[in-house]
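The values are calculated or read from the model by the stated rules, or taken from the named source; none is laboratory data. In this text the structure is predicted, and so the values were computed from the model without any measurement. Because the Cβ atoms are built from the backbone with ideal geometry, glycine has one as well, and the counts that use them run over all protein chains shown. To get the accessible areas, we keep the full protein, side chains included, count just its heavy atoms, and leave off ligands, DNA and RNA. Shrake-Rupley method; radii C 1.70, N 1.55, O 1.52, S 1.80 Å.
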2 protein chains.
Amino acid sequence: MVLSFKRIERSTITEDIIEQLREKILSGEIKPGDKLPPERVLAESLSVARTSVREAIRAMQYMGILEVRCGEGTFLSENTRILTDHFKSSHLLKRFPIMELIEARKIIEGATVYLAVVRSSPEDRDTLQELYQLTATNTDDEEKFLQADFEFHKKIAEMSQNSVLLEMLSAMRELTLEENLDVIKKPGQIKNALDFHRKILGSVLSCDADKAREHMLRHLEDIEQRILELVESRPSDEESDAAGEWQR
Amino acid sequence: MVLSFKRIERSTITEDIIEQLREKILSGEIKPGDKLPPERVLAESLSVARTSVREAIRAMQYMGILEVRCGEGTFLSENTRILTDHFKSSHLLKRFPIMELIEARKIIEGATVYLAVVRSSPEDRDTLQELYQLTATNTDDEEKFLQADFEFHKKIAEMSQNSVLLEMLSAMRELTLEENLDVIKKPGQIKNALDFHRKILGSVLSCDADKAREHMLRHLEDIEQRILELVESRPSDEESDAAGEWQR
DNA sequence: TGACGGTCAGAGGTCTGACCACTGACATCA
DNA sequence: TGATGTCAGTGGTCAGACCTCTGACCGTCA
């Protein structure tokens with residue numbers, strides 16, 4: 001005789017609390033900037049110990065969802081920084097080979113720019129043009145340029161109307177930030193990048209998806225090439241060889 | 001007379017602990033897969049309470065750096081979790097629409113299977129064949145089949161020799177697990193999936209990258225179609241209408 | 001000999017209740 | 001009116017207790 005039992009799912013209190021908070025945030029019951037109930041109150045109304053509540057809050061704090069101010073209270077973050085913040089902390093353990101990251105970017109961004117052409121509205125394309133202008137006026141400060149540069153790429157991903165691809169792009173951007181900065185500091189690189197952006201923009205505006213993808217790939221291959229040059233020119237500035245294997 | 005004082009920076013114990021762990025990780029003193037000291041020991045050697053250690057561990061767990069197994073211990077994550085956890089935590093606040101996840105999968109897996117053909121060794125292809133056999137022998141239990149199914153897709157991603165793409169695939173797999181299970185439970189779906197796998201395998205073995213990509217896309221479009229049917233047959237089993245817009 | 005179940009140590013999970021440190025607001029006083 | 005003191009509320013930290021889960025060891029019994 002074969003008895004069939006249902007698996008009993010056990011979750012930790014911390015998980016449950018995070019899930020409940022998440023729902024309240026999603027439903028709009030808690031809005032960005034709002035103050036959450038004090039830990040003690042939260043614990044009591046959930047019928048759990050304060051320690052459990054604190055672990056959940058701590059986790060969400062480091063995810064960038066909550067902001068904890070000692071003596072004041074716990075607040076829901078203003079939305080925008082949720083992804084990047086979390087990533088900054090975790091990317092300390094750099095692990096992906098830079099060339100693989102770039103290759104992945106080629107695949108993702110080849111797709112986003114293609115979809116962007118197919119799916120975007122004229123207003124979207126106007127915005128993209130404005131963002132291009134913005135990069136063109138930020139040619140003095142590398143960091144600012146890189147920021148504007150990312151806004152341009154991000155806007156394209158948004159125009160693809162696929163939030164997953166957008167998220168992937170943001171993630172990779174964080175992981176390649178350092179290298180991007182190194183590349184852009186090379187003389188002539190800002191102008192170079194701007195040229196590529198202009199070509200991409202042109203293809204998007206004229207709704208030529210294939211050509212847009214083509215220019216995007218050229219752009220990323222160019223970056224790939226520069227990074228390769230950088231890597232070769234300073235063969236190893238990594239110290240630990242044990243960790244070398246899983247450095248990005 | 002103007003006295004100038006240095007600002008006293010106060011950090012929380014949790015921050016300090018995270019910082020110390022981070023240094024040990026970066027220096028290679030703790031390697032991926034390693035077991036950390038028990039919470040109690042860690043607490044004692046840091047001269048802090050166990051609660052503080054737990055908060056630090058919990059934070060790093062949700063950052064994807066540590067893996068906590070109840071009754072066993074705390075471990076430093078293996079390489080590949082970072083992106084997955086990134087997605088999971090952003091998924092906490094904003095669920096990705098299922099159709100966008102599938103679309104992303106088409107883009108990623110179209111690339112991995114192509115690269116797999118180009119880059120894989122004969123041994124890799126043998127292994128893939130074995131994994132196909134494994135799926136073919138697990139047709140009775142849906143959960144097991146799904147697991148074997150994933151191993152097949154994962155192996156392809158590994159053969160592409162791009163850890164970033166592999167990681168993204170894993171992330172998406174976790175986010176679509178539920179829907180995959182629903183699809184595979186439909187009658188005839190296991191056989192259907194096996195057919196597609198066989199075709200993909202065939203193209204890989206004969207080193208036809210374009211055809212392999214083609215079959216992979218057909219496979220995923222098929223899944224897309226099934227999910228669409230599912231979604232339409234139960235239009236709204238979500239409760240909150242405020243959140244409706246963001247639910248996948 | 002090998003499968004099964006009992007036992008136990010060690011690990012994480014949870015709870016309690018206490019006290020400290022910081023913040024903001026209100027009351028007080030010169 | 002402005003500086004100062006006070007205090008309640010909130011997060012930060014602690015010690016110690018007990019629970020549950022995991023893995024390993026070991027004896028029983030077919």
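If you take the residues of the range B:22-66 that are more than 10 Å from chain A (Cβ to nearest Cβ) and within 23 Å of B:Phe87 (Cβ to Cβ), which of them is nearest to DNA strand D (Cβ to nearest atom)? Among them, the one singled out is B:Gly33.
The single condition among (1) modelled with pLDDT of 90 or more; (2) in the same structural domain as B:Ser206 (by TED's automatic domain parsing); (3) in a loop (DSSP other than H, G, I, E, B) that B:Thr139 does not satisfy is (1). Taking the listed residues B:Gln147, B:Gln129, B:Gln161, the one that is open to solvent by 40 Å² or more (accessible area, probe 1.4 Å) and closer than 22 Å to A:Arg105 by Cβ is B:Gln161, with no other qualifying.
Based on what the data block shows, is A:Gln61 under 26 Å from B:Val68 (Cα atoms) and open to solvent by 70 Å² or more (accessible area, probe 1.4 Å)? No: the conditions fail for A:Gln61.
Scanning the range B:28-58 for residues that are farther than 18 Å from A:Thr51 by Cα, open to solvent by 20 Å² or more (accessible area, probe 1.4 Å) and either in contact with a Pro (Cβ under 7 Å, 6 or more places away or on another chain) or small (Gly, Ala, Ser) (or both) yields B:Gly33, B:Ser45, B:Ser47.
Just one of the numbered conditions (1) at pLDDT 65 or above; (2) facing another protein chain (nearest Cβ under 7 Å) is not true of B:Leu115: (2).
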